[in-house]
Amino acid sequence: LFACFLYVWAAWLMEVTPTHWVRWPMMVLSFFGAILVSVDQLKIASQYHATPLFGLKFGMLTYQLFIFALYSAFFMAGRFGLLTSHSEQFVYAYTDATVKVLQGALLAMIRNREGAMEIHRWWMASAAMQRDLQELLDKAHVPIFSMALDGKITQWNSSMFKLTGLKSESVQCKNLVDLAATSCKEAIQAALRACVDASSAHAEANLVEVDIPTETASDQNLPAVRMLAMTFVPMNGKSGALEGITAIGQDLSDLANMRVVQERKAALMAMLSHEIRSPLHGMMGLTDAMLQMPSSKPLQRQL
């Protein structure tokens, strides 16, 4: 700042003083201040060589310093009578207009380039987040799949493949109702309608039991039907409108198998109870009748 004040003040004194012996020292002082300021600006700018568009910005600064030096040369030529006042004003007028147009164009180009780079960074960050989310959903250890608003499957993660044996390619664009067992189709349709209900400003998650017949040909250890407790979560887009449904769930097949075992056990015990109770009652009645007979006294102890 001091150097700027120094060369501006020296240039003003050189302009107003009528004697040549004062103009020469002021000229040297003005040139010294201008050179000092220019070197300082270049040094400061060089510290940001790692920033984007450094070449364009440094070129803009160099261009401005060159124009200042050119103006200084015209100014000095006019002060020492090498240019007439009319010629000096002519040079200033046309050079200033040309310089301002070119400088404005360079500055607009730099600003537009910075805006385009910023938009590109946002796009790359958004794409990276989308890829990370897709990978997270695909590699999650819980069954997850996504559906369009009409119930057609758009994504099927690896956990669903492990549980059902159905590959993602084979279920793409298929309706969930068509894949599910008959016993749960109505519940699935009701949950889907609740998610896409237009009268609800904020749709809520719905928990529904989904029974999916497995592809036993791919893995003989899979059960015939996989029982899943799925939560249907509405997915809104950037505009806030409902764009799809994501189902996140838990495998309840072991619980279902335990329930089946308990039901079979109860049925077996009921059958055994009925089959055993009737003969026992007959044997007890026959034994009591035999005890009432006089001829059975020798056998009373055995009976």
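Side notes on the structure shown:
- Residue in the stretch 40-60 that is outside any helix (DSSP H, G or I) and over 33 Å from the mean Cα position of the chain (by Cα) present: yes
- The stretch 204-222, subset modelled with pLDDT under 70 and not hydrophobic (A, V, I, L, M, F, W, C), residue nearest to residue 241 (Cα to Cα): 204
- The listed residues are 140, 125, 69, and the only one of them that is under 30 Å from residue 242 (Cβ atoms) and surrounded by 12 or more Cβ atoms within 10 Å (Cβ to Cβ) turns out to be 140.
- Unmet criterion (only one of (1) touching a helix residue (DSSP H, G or I) at 6+ places or on another chain (Cβ under 7 Å); (2) farther than 16 Å from residue 248 by Cα) for residue 188: (2)
- Within the stretch 34-66, the set of residues being within 17 Å of residue 111 (Cβ to Cβ), out of contact with any Leu (no Cβ under 9 Å at 6 or more places or on another chain) and either surrounded by 14 or more Cβ atoms within 10 Å (Cβ to Cβ) or free of Cβ contacts under 8 Å to residues at least 24 places away in the same chain (or both) comprises 48, 51, 53, 54, 55, 57, 64.
- Verdict on residue 14 being in contact (Cβ under 8 Å) with a residue 24 or more places away in the chain, open to solvent by less than 50 Å² (accessible area, probe 1.4 Å) and assigned to a helix (DSSP H, G or I): yes
- Applying the set (1) without any contact (Cβ under 8 Å) to a residue 24 or more places away in the chain; (2) in a helix (DSSP H, G or I); (3) of a type in the set (Phe, Trp, Tyr) to residue 31 leaves exactly one unmet item: (1).
- Of all residues making up the stretch 174-203, the number that are outside any helix (DSSP H, G or I), at pLDDT 85 or above and of a type in the set (Asp, Glu): 0
- The residues listed here are 297, 238; of these, the one that is part of a loop (DSSP other than H, G, I, E, B), open to solvent by 90 Å² or more (accessible area, probe 1.4 Å) and basic (Lys, Arg) is 238.
- So residue 53, is it under 24 Å from residue 74 (Cβ atoms), among the hydrophobic types (A, V, I, L, M, F, W, C) and touching a helix residue (DSSP H, G or I) at 6+ places or on another chain (Cβ under 9 Å): no
- Some residue of the stretch 82-94 being under 58 Å from the mean Cα position of the chain (by Cα) and polar (S, T, N, Q): no
- Only one of the numbered conditions (1) modelled with pLDDT under 85; (2) assigned to a loop (DSSP other than H, G, I, E, B); (3) over 26 Å from the mean Cα position of the chain (by Cα) is not met by residue 166, and that is (1).
- Criterion (outside any strand (DSSP E or B), at pLDDT 80 or above and either small (Gly, Ala, Ser) or surrounded by 14 or more Cβ atoms within 10 Å (Cβ to Cβ) (or both)) met by exactly one of 249, 285: 285
- Qualifying residue in the stretch 146-166 (condition: of a type in the set (Lys, Arg) and surrounded by fewer than 12 Cβ atoms within 10 Å (Cβ to Cβ)): no
- Residue count, the stretch 74-103 (criterion: assigned to a helix (DSSP H, G or I), among the hydrophobic types (A, V, I, L, M, F, W, C) and surrounded by 12 or more Cβ atoms within 10 Å (Cβ to Cβ)): 8
The values are calculated or read from the model by the stated rules, or taken from the named source; none is laboratory data. Quantities reported herein were computed from a predicted structural model and do not represent experimental measurements. In this analysis, Cβ positions are derived from the backbone assuming ideal geometry, glycine residues included, and neighbour counts consider all displayed protein chains. With ligands, DNA and RNA removed, areas are computed over all heavy atoms of the protein, side chains included. Shrake-Rupley method; radii C 1.70, N 1.55, O 1.52, S 1.80 Å.
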